[in-house]
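The values are calculated or read from the model by the stated rules, or taken from the named source; none is laboratory data. Quantities reported herein were computed from a predicted structural model and do not represent experimental measurements. As a convention, Cβ positions derive from the backbone with ideal geometry for all residues, glycine included, and neighbour counts pool all protein chains shown.
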Amino acid sequence: MIDLSTLEGAPRLLIEAPLQPLQGSRFQPTGFPDLGAARYDSPEGEQLLVESVQSMANRLEEVCWNEGAHDLVPALGGLSYVRVEQDGDYLTSTITESHRINSPYILEGGDESFKEQLKSELGVLAKGPVDASKLAPYLMKFDCGCLLHGVFIAKSDIAGGRLRMPRALAGFIEASGVRVAASGGVKKDNVNPQGDTSQGFGHVPFARDEFTAEEITAYFNLDLEQIRAYGLGEAAERLLTLLAMYKIRAFLERGLRLRTACDLEVAGDVKVTRPDGFDLPSLAELEAELPEAIAAAKGLLADPPVTVTQFAEK
C-alpha cells in the first residue's frame, strides 16, 4: 500500500522532472496569438515557456482517457464523469472538455435533465459565500476530476453563475539557456509555381523558429490544503491525491509528445522538492492502488458513476 503519511500536514506537493528532446536538440514551444513563443527574462537569464498551465491541465486529463474506447483507462474505471451522446453515439465527456461540467455540450445541449439536476442540487449555493466544502460533494458526485482540474460553472441560472473551484493540480514546462533555431521551408506547387497564393496555388515560402535549450523542466504543484478543505473525508483525500500522482506519472511516461516538433522525454530523476522524505510512486504502483481507492470512495460518487446526457441542436 502506498504510504502517504509523509504528506500529512504538508501544504503542497511539489515535483520537478528534467526533460530533453526525444531526438536531436530542437523543439517547438507553445505559441500564442500576436505573441508567438513566450520568451521572458528571469534572474537566471532568458527563459522560454514550453507548455502553459492551462494547456498542461488539459494534457493531464488526456492521459486518463482511452480515445479508442471512448472511456477512462482501465485503472481509473469507476470514477465519476459526465458522458455526452448524440443519436446513441459518443460525442464528448467532461474528461475531454476544457471547461468540464460547464461545457456547452452539457448545459446547452438540448437535454435539460442533467442541467435541471445541477440547478436543483446546487441551488443551496445561490446566496452567501461560495463554500468549497459545500460545492465539493456535488463535483465529487458527478465529475470528481473537477476537484483537481478546477471548474467555473458560469451559467446564471445555476446558483447565479458564480460557482468556481480553482485548480488543485497545476503544471507547466519551462526552458532555460534558450537559443533560436531558425529555419524555413516552402509549400510547393509543381503545377503552377506562380499561381495565386490567395487561392492556395503557387510556391509559398515561410520562416520557422524552433529552439534549443540548456535545460527543460516540468513542474507540478498539488495543493494538499485545498484537497483537505473540501471536507470529503480520508477516502476522498486519498483518492484525489493518488489520482493527481497518476496524472503526473502518466503524463511523463505517455504524454510528452506535445506537438509534431516537440516530442520530449524524461532525462533524469523525477524529484519531489516538497515535502522532504516523499518519493513519487511509480506508474505501476499507482495503477495497482487506484482501483481500491476508487472502491473506498464509491459512496461519494454517482451511482452509476457515469452520468449520460444527450446532445441535440436547439
All conditions in (1) of a type in the set (F, W, Y); (2) part of a helix (DSSP H, G or I); (3) surrounded by fewer than 15 Cβ atoms within 10 Å (Cβ to Cβ) are true of Y90 except (2)
Region 83-113 - residue that is of a type in the set (A, V, I, L, M, F, W, C) and within 13 Å of H149 (Cβ to Cβ) and, of those, modelled with the lowest pLDDT = I101
Specify which of the listed residues (F201, F220, F211) is hydrophobic (A, V, I, L, M, F, W, C), part of a loop (DSSP other than H, G, I, E, B) and surrounded by 11 or more Cβ atoms within 10 Å (Cβ to Cβ).
-> F201
Unique residue being in a strand (DSSP E or B) and at pLDDT below 90 when the list is A181, A170 = A181
Output the residues belonging to region 37-73 that are among the aliphatic types (A, V, I, L, M) and either part of a helix (DSSP H, G or I) or outside the structural domain of D89 (by TED's automatic domain parsing) (or both).
-> V53, M56, A57, L60
E174 being under 25 Å from the mean Cα position of the chain (by Cα), more than 30 Å from Y246 (Cα to Cα) and not β-branched (V, I, T) = no
Could you say whether any residue in region 124-145 is more than 23 Å from the chain's Cα centre (by Cα) and buried (at least 20 other Cβ atoms within 10 Å of the Cβ)?
-> no
Determine which single condition D34 fails, assuming it passes every other condition in (1) part of a loop (DSSP other than H, G, I, E, B); (2) within 15 Å of I216 (Cα to Cα).
-> (2)
Kindly check whether there is at least one residue in region 110-129 that is under 26 Å from L286 (Cα atoms) and of a type in the set (A, V, I, L, M).
-> no
Residue within region 27-47 that is crowded, with 16+ Cβ neighbours inside 10 Å and charged (D, E, K, R) present = no
Scan region 147-164 for residues that are farther than 16 Å from N221 by Cα, outside any loop (DSSP other than H, G, I, E, B) and touching a residue at least 12 places away in the same chain (Cβ under 8 Å) and jot them down.
-> V151, F152, I153, A159, G160, L163, R164
Quickly run through region 107-126 and pick out the residues that are touching a residue at least 60 places away in the same chain (Cβ under 8 Å) and not in a helix (DSSP H, G or I).
-> E108, G109, G110, D111
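Listed here are the residues, each with its yes/no results for (1) surrounded by 13 or more Cβ atoms within 10 Å (Cβ to Cβ); (2) more than 21 Å from V63 (Cα to Cα).
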position	(1), (2)
D196	no, yes
Q226	yes, yes
M245	yes, no
G255	yes, no
A267	yes, no
When restricted to S156, S183, S176, the only residue of a type in the set (S, T, N, Q) and under 25 Å from G123 (Cβ atoms) is S156
